[in-house]
Amino acid sequence: MKSILVLRASTDICGDEVGLVTSHCQLLGMKVYKEDVPTIHALEEMVEKYLNSGTHFDYIYLCTHGDKDGFETDLSGNKISISWSQFAQQLCENGILNDDTIFLLACCKGGLMQVGIDMMSVCNKINYICGVKWNAYPWDLTTGFVVFIHNLENKNAEPNYAAQKASLATDYTFVCYDRDEVEMTSQYRIRQFELYLQLGWIDSDGNWIETDPKVNENTGHAVKEKMPLP
């Protein structure tokens, strides 16, 4: 049985949307888990809970407001920004992802290339990231992802084709990034270098200086390794 983790991070757009996605996934015979993400600490505790129970997910669905840098949660009463790299690290470090887990980013700009690169750069366990490239209404996001999941689960479609069907259904551009394709682009190496430098994992010459074993495992890098300059 496939499983999906539905994450809610906004009070104003994630009511009926989450209900519709949940009902459709249950109709397809999937097991649905729903959680709120009020803070990064709450995300850590939630992931730890599923790690201890041995639960792994085939889909991660995030409902929120977002942009190229990260997403916003207001469930704690205050608006808190969480970067895409932070989000990916939390889910990566604790082993709740299956080999081909698909991330469904139900927010504006969740389909931008930078979003996919930031998440894949910090977690080598993430192979597929899907989202919309433009600002979209909640009902368009929901419709698109319902069509996407339906095509994967009911018609055994490939992710890229399912994203095309979601685009046709909504007139918004849905994309699904495949790690194998993303890593071949010049944008990947340029943005990865910028991100690692920003996070303090490399120096300006590209030397890997991060010593946290979890980070090194999740990125596939080793201490003293040198990254090629972009």
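The values are calculated or read from the model by the stated rules, or taken from the named source; none is laboratory data. Note that the coordinates shown come from a computational prediction; the quantities given were computed from them, not determined experimentally. Reconstructed Cβ throughout: ideal geometry from the backbone, glycine too, with neighbour counts over all protein chains shown.
Quick look at the numbers
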item	result
Evaluation of Ile126 against (1) more than 19 Å from Phe148 (Cα to Cα); (2) within 12 Å of the chain's Cα centre (by Cα); (3) buried (at least 22 other Cβ atoms within 10 Å of the Cβ) (one fails), failing number	(1)
Options Gln86, Gln114: the member that is of a type in the set (S, T, N, Q), touching a residue at least 60 places away in the same chain (Cβ under 8 Å), outside any loop (DSSP other than H, G, I, E, B) and surrounded by fewer than 20 Cβ atoms within 10 Å (Cβ to Cβ)	Gln114
Identity of the residue in segment 177-205, within 18 Å of the chain's Cα centre (by Cα) and of a type in the set (D, E, K, R), that ends up farthest from Pro159 (Cα to Cα)	Arg191
Members of segment 61-81 that are of a type in the set (A, V, I, L, M) and either surrounded by fewer than 21 Cβ atoms within 10 Å (Cβ to Cβ) or farther than 18 Å from Leu5 by Cα (or both)	Leu75, Ile80
Test for Lys109: is it free of Cβ contacts under 8 Å to residues at least 60 places away in the same chain, over 11 Å from the mean Cα position of the chain (by Cα) and either surrounded by fewer than 19 Cβ atoms within 10 Å (Cβ to Cβ) or closer than 20 Å to Asp36 by Cβ (or both)	no
The listed residue being in the same structural domain as Phe103 (by TED's automatic domain parsing), among the small types (Gly, Ala, Ser) and within 16 Å of Tyr128 (Cα to Cα), out of Ala163, Ala169	Ala163
Candidates Thr11, Thr55, Thr22 - the one that is hydroxyl-bearing (Ser, Thr, Tyr), assigned to a loop (DSSP other than H, G, I, E, B) and closer than 22 Å to Tyr137 by Cβ	Thr11
All positions within segment 165-194 that are outside any loop (DSSP other than H, G, I, E, B), under 14 Å from Asp140 (Cα atoms) and without any contact (Cβ under 8 Å) to a residue 60 or more places away in the chain	Lys165, Ala166, Ser167, Leu168, Ala169, Thr170
Subset of segment 125-143 [in a loop (DSSP other than H, G, I, E, B) and of a type in the set (Ser, Thr, Tyr)]	Tyr137
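One line per residue, one yes/no per condition, for (1) among the aliphatic types (A, V, I, L, M); (2) at pLDDT below 95; (3) surrounded by 12 or more Cβ atoms within 10 Å (Cβ to Cβ):
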| position | (1), (2), (3) |
| --- | --- |
| Ile190 | yes, yes, yes |
| Asp203 | no, yes, yes |
| Pro213 | no, yes, no |
| Asn218 | no, yes, yes |
| Pro230 | no, yes, yes |
